[in-house]
Amino acid sequence: MNYEHNLFDRLKQSLLNTRKKLGDNIIKLIRNKNIDIDILNNIEHKLLVADISTQTTQKIISNLRNYINLHADYNNKSFYDILRNEILNILIPVDQPLLIQEKNPFVILTVGVNGVGKTTTIGKLAYHYRLKNKTVMLAAGDTSRVAAIDQLEIIGKYSGCVAVIKNNTTSDSASVIFDAVKTAKMKLIDLLIIDTAGRLQNKIHAMEELKKIIRVIKKIDIKAPHETILVLDANIGQNSINQVRMFNNAIKITGIIMTKLDGSAKGGTLLSIADHFSIPIRYIGIGPNIDDFQPFEPHNFVEAIFKK
């Protein structure tokens with residue numbers, strides 16, 4: 001129980017900026033006031049400022065307006081509870097924890113643009129499953145940068161991975177990944193996590209390279225990759241929506257990890273992504289350390305921002 005409280009306390013601390021911009025401001029806005037059209041307009045503004053998309057914001061405001069019209073006996077507390085529930089209802093459908101099945105190996109392909117913290121997130125993911133006694137291998141598929149390979153090697157050792165498969169003599173990431181899947185299968189590794197080069201979501205050539213990587217993986221296991229995770233940076237706000245759309249159109253994204261929530265006041269972006277795409281949000285990054293990483297849990301996320 002103490003462990004669970006500690007996780008929630010760390011989550012609350014990491015979402016402090018989002019809570020100040022969103023939850024605290026709305027509490028101040030409605031305190032000891034009748035909820036009228038001006039208050040609703042101000043709430044709408046607060047939601048938009050917290051980087052909740054116009055579409056999602058309008059949905060929330062419309063439901064709040066309907067609630068007021070149907071419940072003449074509402075008060076500030078019940079109104080605030082309804083607001084929290086509206087947001088929770090958007091997030092609950094994407095509450096689908098990642099289940100590592102016995103695939104030998106279970107293959108996770110990670111994708112994302114430059115700078116989102118993808119390689120660091122791979123280390124956190126590896127460490128998370130090492131704590132669950134899974135054998136983990138990493139594949140250095142970002143062959144465009146020697147620094148990325150070096151970083152993945154350091155992370156792999158620190159997180160207790162069996163090995164980091166790399167090839168410093170080739171720029172062909174598909175061949176490195178092919179060797180990694182084959183090696184992981186031969187060694188009966190539980191989990192293989194593949195790093196890929198950061199790429200702009202609107203570059204056709206880069207997306208075609210991802211498709212090639214997937215085809216190479218399927219030569220060894222037709223059902224792999226078993227999970228394709230898009231890593232997003234909370235700081236970039238609404239641009240995340242475009243990233244999800246472009247990556248998902250090119251290759252089917254099965255899970256999302258949002259990083260850097262601790263340094264952002266834009267946690268509302270996660271709500272928009274859930275509303276727009278219904279893609280499972282698997283994990284969130286809440287700090288720089290290797291254990292600053294949690295499975296996404298909607299109730300805790302909402303409670304951390306909209307404290308009573």
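Observations on the model:
- Hits in segment 136-167 (condition: in contact with a helix residue (DSSP H, G or I) (Cβ under 9 Å, 6 or more places away or on another chain) and among the β-branched types (Val, Ile, Thr)): Val136, Thr143, Ile154, Ile155, Val162, Val164, Ile165
- Of the residues making up segment 289-301, those that are in a loop (DSSP other than H, G, I, E, B) and in contact (Cβ under 8 Å) with a residue 12 or more places away in the chain are Ile290, Asp291, Asp292, Phe296, Glu297.
- The residues in segment 282-294 that are in contact with a strand residue (DSSP E or B) (Cβ under 6 Å, 6 or more places away or on another chain) and either more than 14 Å from Lys260 (Cα to Cα) or surrounded by fewer than 20 Cβ atoms within 10 Å (Cβ to Cβ) (or both) can be counted, and the count is 1.
- Residue in segment 4-29 that is surrounded by the most Cβ atoms within 10 Å (Cβ to Cβ), counting only those that are touching a helix residue (DSSP H, G or I) at 6+ places or on another chain (Cβ under 8 Å) and either among the charged types (D, E, K, R) or assigned to a loop (DSSP other than H, G, I, E, B) (or both): Leu15
- Tally, over segment 255-281, of residues that are surrounded by 23 or more Cβ atoms within 10 Å (Cβ to Cβ) and part of a strand (DSSP E or B): 5
- Single condition Lys252 does not satisfy, out of (1) modelled with pLDDT of 90 or more; (2) part of a loop (DSSP other than H, G, I, E, B); (3) surrounded by 16 or more Cβ atoms within 10 Å (Cβ to Cβ): (3)
- Out of Ala274, Ala224, sole residue that is small (Gly, Ala, Ser), farther than 24 Å from Gly141 by Cα and modelled with pLDDT of 95 or more: Ala274
- Among the candidates Ile122, Ile100, Ile52, the residue that is touching a Phe, Trp or Tyr at 6+ places or on another chain (Cβ under 6 Å), touching a residue at least 60 places away in the same chain (Cβ under 8 Å) and under 30 Å from Ala206 (Cα atoms) is uniquely Ile100.
The values are calculated or read from the model by the stated rules, or taken from the named source; none is laboratory data. Everything quoted here is computed from the prediction, not taken from an experiment. Backbone-built Cβ (ideal geometry, glycine too); neighbour counts: all protein chains shown.
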